[in-house]
Every structure is written in structure tokens, then in C-alpha cells.
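Here is the structure we will look at, set down as C-alpha cells.
Read-outs throughout are calculated quantities, based only on the coordinates presented, and are distinct from any laboratory measurement. What you are looking at is a predicted structure, and each value in this text was computed from that prediction instead of being measured. All Cβ positions, even for glycine, are placed from backbone atoms using ideal geometry, and neighbour counts span all protein chains on display.
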Amino acid sequence: ALLEHNGLYERMSAENNLEFYARVWHLSKEERTARIKELLTHFGLWERRKYTVGEWSRGMKQKLALARTL
């Protein structure tokens with residue numbers, strides 16, 4: 001279940017949000033880069049990866065939150 005509060009950093013881009021969490025999990029630079037591209041592409045968010053999350057719709061934020069959990 002996705003909650004109302006998604007735990008994303010609104011002032012950061014989608015790419016930076018995923019980068020932050022990937023670093024928390026100690027993924028290597030190569031793993032982070034590949035996984036971020038894979039997830040954002042899978043969820044149809046790759047083209048908007050540089051936009052701050054605060055500019056996104058609720059549905060897009062939910063997709064990003066789901067990508068973060070994977």
C-alpha cells in the first residue's frame with residue numbers, strides 16, 4: 001500500500017532521490033547508475049528524471065516511491 005506521505009524529498013530531482021537511497025544501501029556507483037536508469041525507464045519517468053519531485057503529479061510521485069522501494 002502506498003501511503004499519503006511518500007517519503008520523497010520534494011526539492012530533489014527523481015534521480016537524486018533514488019541516488020540518495022541507493023547510497024544509503026551502499027550500492028556501488030555502477031550499480032546505482034544502472035539501477036536508477038532501469039527503474040525510471042520501467043516506470044516511464046526517465047524523461048522527467050531531472051525535474052524536482054515537488055513539480056510532479058501525485059501519480060508520478062507514487063510511481064517514484066514504488067521505484068524507490070524496489
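So the values come out like this:
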| item | result |
| --- | --- |
| Among (1) 1.15; (2) 1.60; (3) 0.93, the entry derived from the coordinates for Rg/Rh (Cα atoms, Kirkwood Rh) | (3) |
| Dipole magnitude of the chain about its Cα centre (Cβ charges: Lys, Arg +1; Asp, Glu -1), debye to nearest 20 | 40 debye |
| Reachable lysines, given that their alpha-carbon falls under 17 Å from the alpha-carbon of LYS29 and they are not under 8 places away in the same chain | LYS37 |
